[in-house]
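Written out below as structure tokens is the structure these notes cover.
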Amino acid sequence: GLAALACMVTGLLFGYRYFRRGQDYMGRPLVLIHSPANGERLALGQGAPALAQARSESGITRIELWADGALLTAEEAPEGEPYSPMTLSATWAPTTLGEHTLTARAFTARGLAGYASIRVEVVPEETVLGSHAVAEGESLESIAADYGVGADELSDLNPDLPADGPAV
């Protein structure tokens, strides 16, 4: 009797804690970075558009954009009026070469936070040609010709490209 009651009370307490933790997790904002894309190559010194969006059933009160741990900009909801989705648009002009991390963080009226991070590679301006969706029948040579560069140069600029050329 008494042992069964103690087990039931303990189970209820643990179940309640698990339930509350699940509610908190479910109430966290969903944060997405739409631009730049993860893994994108950006030109040194050129402004790159950054676009982040957050949503939550309880509304968003603040969204922030960070680069390598430094706050770039933030957007606040009007006082007492959280809304969802909230979008943050900014321009980021990287000043150093190499890999960088962009992070978007968002907060709900309940104080819950969510975030998303991406990594980008900043390269010298002359190595950024843009992106290209490969169509059926295109070859490395034909794509290079469309961009006015040599096939070897295009291959060097795309180190992850398979040895037999672009996949369709």
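The values are calculated or read from the model by the stated rules, or taken from the named source; none is laboratory data. Remember, it's a predicted structure, so these values are computed and weren't measured experimentally. Here Cβ is always computed from backbone atoms with ideal geometry, including for glycine, and neighbour counts include all displayed protein chains. When the accessible area is computed, the model is the full protein with side chains, heavy atoms only, and any ligands, DNA or RNA have been set aside. Shrake-Rupley method; radii C 1.70, N 1.55, O 1.52, S 1.80 Å.
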For Thr87, the lone unmet condition from (1) over 16 Å from Leu32 (Cβ atoms); (2) under 18 Å from the mean Cα position of the chain (by Cα); (3) open to solvent by 40 Å² or more (accessible area, probe 1.4 Å) is (1)
Can you confirm whether the range 127-138 contains a residue that is in contact (Cβ under 8 Å) with a residue 12 or more places away in the chain, of a type in the set (Asp, Glu), open to solvent by less than 50 Å² (accessible area, probe 1.4 Å) and outside any strand (DSSP E or B)? yes
Which numbered condition His100 fails, given (1) farther than 16 Å from Ile63 by Cα; (2) open to solvent by 70 Å² or more (accessible area, probe 1.4 Å); (3) under 14 Å from the mean Cα position of the chain (by Cα): (2)
Number of positions in the range 1-46 that are part of a loop (DSSP other than H, G, I, E, B) and modelled with pLDDT under 90: 3
Looking at (1) within 30 Å of Pro29 (Cβ to Cβ); (2) exposed (fewer than 11 other Cβ atoms within 10 Å of the Cβ); (3) modelled with pLDDT under 90, which is the only condition Thr95 fails? (3)
Kindly evaluate Ile63 against the criterion of being part of a strand (DSSP E or B), more than 28 Å from Asn158 (Cβ to Cβ) and at pLDDT 95 or above. yes
Long-range neighbours under 9 Å by Cβ, at least six apart or interchain, first residue on the phi > 0 side of the Ramachandran plot within the range 55-78, second β-branched (Val, Ile, Thr) and in a loop (DSSP other than H, G, I, E, B): Asp68/Thr96
Identify all residues within the range 103-115 that are open to solvent by less than 20 Å² (accessible area, probe 1.4 Å), within 20 Å of Pro49 (Cβ to Cβ) and touching a Leu at 6+ places or on another chain (Cβ under 8 Å); write none if there are none. Ala104
